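One structure is given below, encoded as structure tokens.
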Amino acid sequence: MIEYIAEMPSYTYAVKAERLLKSRKIRCEIKRREEGCGYDLHIYNKTALSILDKNAIPYELKK
């Protein structure tokens, strides 16, 4: 299974994104970043990225 990691600008946006995706039955989870502070949203469905874009939730895709 492919995993996408979206770096979220704040915990608030991470929770907002998680709720949005889970309401659409898309598996995801919030994890604290290992380096520094901040949160990542681990997503297991590529269509989730377009949902975040359409709902104006900022993120940066981790490589």
| Inter-centroid distance (Cα atoms) of region 13-40 relative to region 41-63, Å | 10
| Just one of [x] 40; [y] 70; [z] 61 is percent of Cα pairs over 15 Å apart as worked out from the coordinates here. Which one is it? | [x]
| Summed residue charge, Cβ within 12 Å of residue 26's Cβ, Lys/Arg positive, Asp/Glu negative | +4
| task | Evaluate the charge dipole of the chain about its Cα centre and quote only its size in Debye, nearest 20, assuming +1 on the Cβ of each Lys and Arg and -1 on the Cβ of each Asp and Glu. | result | 340
| message | Suppose each label sits 7 Å from its Cα in the direction of the beta carbon; what would the residue 32-residue 19 distance come out to in nanometres? | response | 2.2
| note | Computed, not fitted: 222 nm per-residue ellipticity of the chain from DSSP H runs ≥ 4 (each -39500 (n - 2.57)), nearest 500, equal to -10000 deg cm²/dmol
| query | Roughly speaking, to the nearest percent, how much of the chain's 1.4 Å accessible area is carbon and sulfur? | reply | 50
| How much area per residue is accessible in the chain when the probe is 1.4 Å and only protein heavy atoms are counted (Å²)? | 70
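The values are calculated or read from the model by the stated rules, or taken from the named source; none is laboratory data. Predicted model, so just to flag it, every value in this text is computed and none were measured. Cβ: placed from backbone, ideal geometry, glycine included. Neighbour counts: every protein chain shown. Heavy atoms of the whole protein, side chains included, go into the accessibility calculation; ligands, DNA and RNA do not. Shrake-Rupley method; radii C 1.70, N 1.55, O 1.52, S 1.80 Å.
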